[in-house]
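The values are calculated or read from the model by the stated rules, or taken from the named source; none is laboratory data. Everything numeric in this text was worked out from a predicted model, so none of it was measured. Here the Cβ positions follow ideal geometry from the backbone for every residue, glycine too, while neighbour counts run over all protein chains shown. SASA here: full protein model, heavy atoms, side chains in, ligands and nucleic acids out. Shrake-Rupley method; radii C 1.70, N 1.55, O 1.52, S 1.80 Å.
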Amino acid sequence: QVQLVESGGGLVQAGGSLRLSCEASGSIFSIYSMGWYRRAPGKQRELVAAVPRGGSITNYADSVKGRFTISRDNTKNTVYLQMNSLKPEDTAVYYCNADVMTSTLDRADDWGQGTQVTVSS
C-alpha cells in the first residue's frame, strides 16, 4: 500500500503564491515520475507539471510555464509545486500522482486525495 498526502492548498488573491507538497509513504521500493494534476469545475483533469526521478527534465502545461515550478526530494519521497503569480483560472483541485515500484516489486500509479486551490480576483 502506498499513500500520497498533499498539503498547502488554500485561498489566495490573484498574483499571490502557494506551495503544494505531497509526501509518499508506505511500501515503496522506488518512485519514478511524480507530478501534479488539476481538475477545475466543469473541466477534465489536466497535467500541470511532472518530474522524473532524476529531476533533470520537467514538463509543464503551457498555461503554467514561467509561473509554476515542480521539484522533488527523493530522500523524503516528496514532490513540491511552487505556484507564483496565481490567476483565478488556476482555481482547481490539485492532485499528486506518483509512478511507484512497491516493496513487492509491483508497479503502481498512485494518487493523492486532492487539495483545493482557490484564487480570488
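Results, tabulated for the structure shown:
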{"quantity": "Rounded percent of accessible protein surface that carbon and sulfur make up, region 35-121, 1.4 Å probe", "calculated": "46 percent"}
{"quantity": "Farthest toward positive dipole pole in the chain [+1 Lys/Arg, -1 Asp/Glu at C-beta], among T91, G54, S27", "calculated": "T91"}
{"quantity": "Size of electric dipole in the chain: Cβ of Lys, Arg +1 and of Asp, Glu -1, about Cα centre, debye, nearest 20", "calculated": "260 debye"}
{"quantity": "Accessible heavy-atom area order of T118, T102, highest first, probe of 1.4 Å", "calculated": "T118, T102"}
{"quantity": "E46 versus M101: modelled label distance in nm, points set 7 Å from Cα along the beta carbon direction", "calculated": "3.4 nm"}
{"quantity": "Accessible area, probe 1.4 Å, largest first, for residues T91, T75", "calculated": "T75, T91"}
{"quantity": "Radius of gyration and Dmax over the Cα atoms of region 1-98, both given in Å", "calculated": "13.2, 40"}
{"quantity": "Rg and Dmax [Cα atoms of region 75-121; Å; Rg one decimal, Dmax integer]", "calculated": "14.5, 48"}
